[in-house]
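The structure appears right after this line, and notes come after that.
The values are calculated or read from the model by the stated rules, or taken from the named source; none is laboratory data. Since the structure is predicted, the reported quantities are computational estimates derived from the model, not experimental observations. Cβ placement follows ideal geometry from the backbone for every residue including glycine, while neighbour counts extend to all protein chains displayed.
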Ligand code: ATP
């Protein structure tokens, strides 16, 4: 069972035995961690092991600790739960249990363990490492192991990877499984939405999360809920009923037919008394007379396969965990693999565990502000956005003579999150006393048909969960008719503009900024909010819609792979959108375990194609008599003008000489996605609120000298975990490849190497 790849230089290091276990509550993406750990360990020239059933397997030893091989984890990316089992093991909390665990590890010759679990599991790992020298001493004294074994294994290398649906680990911005769980919650709430709407009912929905309200908060934003209860923001025990009823009543008065309240299972009031879904229901029934039902989502939240984000996070963290283990010295503290500012990084495990515990302590001590400050800045900003758009508080409104008229337009192809952005911007406008306008059907809609209308709060309230683009979108640019566009800007006295879309939205902003010299109506703050599945807008690492697209592709490819696996001898060449940007193809390749990915950036060279065909031949040959795995090649639509999807499929078929067959598959506009993913909905909400705030802040640019106005024409981009506003002038002049319609530098350029390593694709020099 040889690995299809040659060990890299790291094999020169000591040949280590690295074991991985999953522990605590299962979460989607744990299998992807195990797959990445096993294959990276092999490719680094070491021996991978799994420990079944978490710490329980460690205590039992024997067959519970098993050597793994490359093929053992094939197909694991697409599977939910954890295939190596997990458990809550009370005995491991006792020293006697950990002593047995130590003996089993030494006897199996394991040098390092990677623990994938929640804060409890990682606390256990931390305790185990701290005690290790003492445990070995005791094992030698009681003659359970030899002194030379104690010497050989004197350092236990441990690395933590956070697998938990709660997203409750303080030092990382996302835990593996949290976004999949959020996806399950949003899907369920979307279903409930229809029945709530039909009967004009209220629903109180309880979601998981003991000391962490992340799932509840994100679900509340992503589903457009009316109210929210989370442990970090414990409401005043005497007032919370009044506050909630005031907001819900106001939403009803504004015409909303349904009410959704999300309650985190750990929600408490300021006296630390639980706020339960049934209590909330009783208040809504008694005070507002609403027909109210409670839904507890329970274990559905742990179910199903991992979403694209979790597969990516799990894979990258699994790879990093192995590399972290290999670079540990006896002096280095055990690392925890985290995600900060959208980058995979290492943090000291002990500190992370301590910090996480301090959130629970702060809550128990009623120090809610402290608990909140220990959450990441994105959490806090998302909470503020939620309050800003749902609040019934009139004190933060602009006086009517100072309110702003804010226009919104969508440009380019539809992308998941466009509607959510307009809904959030509209709600925020109402909260602040501004007047939101939609420009329907792009620049031509405005120039030819004066298609401008005021948006009403209730009209857009349902848009968060809608795919497509409710106000219409097309690719035309402002230069089709500057004069008419400026005329209508003047007629409606717009004070600010939000352009939602892809590369054409970027160009639109640039054209308007340039045209303002001749058309003073354009001298207003303008924000481009990137929304395109291609994720090719300069000034942002992430565009709305690209997560929805990736999830649609993952679902599509999972089905195709299953078909390919069933027919035993077929490889699918899947054509992926993305224009001249290989982002979608690269990410989709990584999270579906595709055998090869062709992008416009790398093109398709004949040696690469030849090498890939040889690789496929080897894989099919090795598969004979075994369970076949589905094989995929992803080809971005613009990778090559001659080597089209059909041509590649034909060449492979010809070269396979009957040993295997090829098919093409083109998901086409399915990639624009139906219902937007929770990530796109939440990011759309936060970005829309920030865009309006930017316009408020820059509303006086007309009064500035011409050359000082340029800073008010910006792209509202994601950089790491933050939103940042980059002036279009700078982006246009220094950071854009115009012919290729993409940014000069991308953050994902090296992802393809990891993808190749994990499928064993040979390098072509
Ligand atoms: P989740 O977030 O899904 O609940 P978790 O890892 O926090 O996952 P726990 O049940 O808290 O789940 O912990 C899992 C296991 O980790 C426990 O059953 C126990 O074996 C071990 N463990 C937890 N805390 C400790 C500790 N203080 N000392 C030793 N082992 C521990």
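The single condition among (1) crowded, with 22+ Cβ neighbours inside 10 Å; (2) farther than 27 Å from residue 613 by Cα that residue 550 does not meet is (2). Residues satisfying the criterion are present in region 575-583 (criterion: closer than 20 Å to residue 413 by Cβ, touching a helix residue (DSSP H, G or I) at 6+ places or on another chain (Cβ under 8 Å), part of a helix (DSSP H, G or I) and at pLDDT 95 or above). Selection of region 222-243 for residues being in a helix (DSSP H, G or I), touching a helix residue (DSSP H, G or I) at 6+ places or on another chain (Cβ under 7 Å) and closer than 25 Å to residue 289 by Cα yields 223, 241.
Residue pairs whose Cβ atoms lie under 7 Å apart, separated by 6 or more positions or on different chains, with the first residue in region 113-142 and farther than 22 Å from residue 354 by Cα and the second within 9 Å of the ligand (Cβ to nearest atom) and not in a strand (DSSP E or B), are 135/98. For region 85-110, the set of residues classified as in a loop (DSSP other than H, G, I, E, B), under 25 Å from residue 153 (Cα atoms) and within 16 Å of the ligand (Cβ to nearest atom) consists of 89, 94, listed by residue number.
Determine if region 403-417 includes at least one residue that is assigned to a helix (DSSP H, G or I), farther than 24 Å from residue 524 by Cβ and in contact (Cβ under 8 Å) with a residue 60 or more places away in the chain. Taking every residue of region 403-417 in turn, none turns out to be assigned to a helix (DSSP H, G or I), farther than 24 Å from residue 524 by Cβ and in contact (Cβ under 8 Å) with a residue 60 or more places away in the chain.
Applying the criterion of being outside any helix (DSSP H, G or I) and surrounded by fewer than 16 Cβ atoms within 10 Å (Cβ to Cβ) to the residues of region 116-143, the residue that is nearest to the ligand (Cβ to nearest atom) is 142. Is at least one residue of region 697-714 modelled with pLDDT of 95 or more, under 24 Å from residue 436 (Cβ atoms) and part of a strand (DSSP E or B)? The answer is yes, given that some residue of region 697-714 is modelled with pLDDT of 95 or more, under 24 Å from residue 436 (Cβ atoms) and part of a strand (DSSP E or B).
The set of residues in region 144-166 that are more than 17 Å from residue 19 (Cβ to Cβ) and more than 13 Å from the ligand (Cβ to nearest atom) comprises 144, 145, 146, 147, 148, 150, 151, 154. For region 25-35, filtered to residues that are touching a strand residue (DSSP E or B) at 6+ places or on another chain (Cβ under 7 Å) and part of a helix (DSSP H, G or I), the residue that is farthest from the ligand (Cβ to nearest atom) is 34.
Of the residues contained in region 585-600, one or more are found to be within 21 Å of residue 501 (Cβ to Cβ) and not in a helix (DSSP H, G or I). Residue selection: residue 359 satisfies the criterion of being touching a residue at least 12 places away in the same chain (Cβ under 8 Å), within 27 Å of residue 184 (Cα to Cα) and more than 22 Å from the chain's Cα centre (by Cα). Of the residues making up region 161-207, those that are part of a loop (DSSP other than H, G, I, E, B), touching a helix residue (DSSP H, G or I) at 6+ places or on another chain (Cβ under 6 Å), on the phi < 0 side of the Ramachandran plot and surrounded by 24 or more Cβ atoms within 10 Å (Cβ to Cβ) number 2. Within region 1-24, restricting attention to residues that are assigned to a loop (DSSP other than H, G, I, E, B) and within 16 Å of the ligand (Cβ to nearest atom), the residue that is modelled with the lowest pLDDT is 24. Within region 36-83, the set of residues being surrounded by fewer than 24 Cβ atoms within 10 Å (Cβ to Cβ), within 16 Å of the ligand (Cβ to nearest atom) and under 30 Å from residue 184 (Cα atoms) comprises 52, 53, 56, 80, 81. Residues in region 731-765 that are touching a strand residue (DSSP E or B) at 6+ places or on another chain (Cβ under 9 Å), under 16 Å from residue 43 (Cα atoms) and not in a loop (DSSP other than H, G, I, E, B): 752, 755, 756, 759. For residue 187, the criteria (1) more than 24 Å from residue 339 (Cα to Cα); (2) more than 11 Å from the ligand (Cβ to nearest atom); (3) over 19 Å from the mean Cα position of the chain (by Cα); (4) modelled with pLDDT of 95 or more hold in every case but one, which is (3). Checking each residue in region 252-270 for being surrounded by fewer than 22 Cβ atoms within 10 Å (Cβ to Cβ) and either in contact (Cβ under 8 Å) with a residue 60 or more places away in the chain or not in a loop (DSSP other than H, G, I, E, B) (or both) picks out 252, 253, 254, 255, 256, 257, 270. Looking at the structure I just gave you, is residue 246 touching a strand residue (DSSP E or B) at 6+ places or on another chain (Cβ under 6 Å), assigned to a helix (DSSP H, G or I) and surrounded by fewer than 24 Cβ atoms within 10 Å (Cβ to Cβ)? Taking the combined requirement at face value, the residue does not satisfy it. Residue pairs whose Cβ atoms lie under 7 Å apart, sitting 6 or more positions apart in sequence or on different chains, and linking a residue in region 82-100 that is farther than 15 Å from residue 125 by Cβ and free of Cβ contacts under 8 Å to residues at least 60 places away in the same chain to a partner that is within 7 Å of the ligand (Cβ to nearest atom) and in a loop (DSSP other than H, G, I, E, B), do not occur here. Counted as qualifying within region 418-465 are the helices (runs of 4 or more DSSP H) with 3 or more residues that are in contact (Cβ under 8 Å) with a residue 12 or more places away in the chain and within 19 Å of residue 502 (Cα to Cα), namely 418-432, 442-449.
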